[in-house]
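In what follows, a structure is listed as C-alpha cells, so that the remarks can point back to it.
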Amino acid sequence: MSLIKLTHVSAHYDVCILQDINLIIEPNSFTSITGDSGTGKSTLLNIIGLLAPPCNGQVFISHTNTQLLC
C-alpha cells in the first residue's frame, strides 16, 4: 500500500524538466529528494503537493487519483 505514487509523470516548460518519473513512497517511510540545481526537484515537489499538474502521467495520494480532484 503506497501513500504517494507517481506513474509516468512528465513536466515540460521550454525544455523537458521531468521525464517518465515513477515513484512510490510508502507510509511511515523517510524519503529525501536530492540533486543538482535545475534538475526538477521543486517541480517534482510542486506536483506531489498538488500545486502544479503534471504534463503527463498520474499522481495518486492514498490511492486517490488526484486528476479526478481537479
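The values are calculated or read from the model by the stated rules, or taken from the named source; none is laboratory data. Since the model is a prediction, treat every value here as computed from it, not as a measurement. Reconstructed Cβ throughout: ideal geometry from the backbone, glycine too, with neighbour counts over all protein chains shown. Heavy atoms of the whole protein, side chains included, go into the accessibility calculation; ligands, DNA and RNA do not. Shrake-Rupley method; radii C 1.70, N 1.55, O 1.52, S 1.80 Å.
Listing for the model above:
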item: Matching residues, segment 16-70, being closer than 17 Å to residue 1 by Cβ, of a type in the set (A, V, I, L, M, F, W, C) and open to solvent by less than 60 Å² (accessible area, probe 1.4 Å); result: 23, 25, 59, 60, 61
item: Residue count, segment 40-70 (criterion: part of a loop (DSSP other than H, G, I, E, B) and among the hydrophobic types (A, V, I, L, M, F, W, C)); result: 5
item: Search result, residues across segment 6-15 that are open to solvent by 50 Å² or more (accessible area, probe 1.4 Å), part of a strand (DSSP E or B) and under 16 Å from residue 38 (Cβ atoms); result: 12
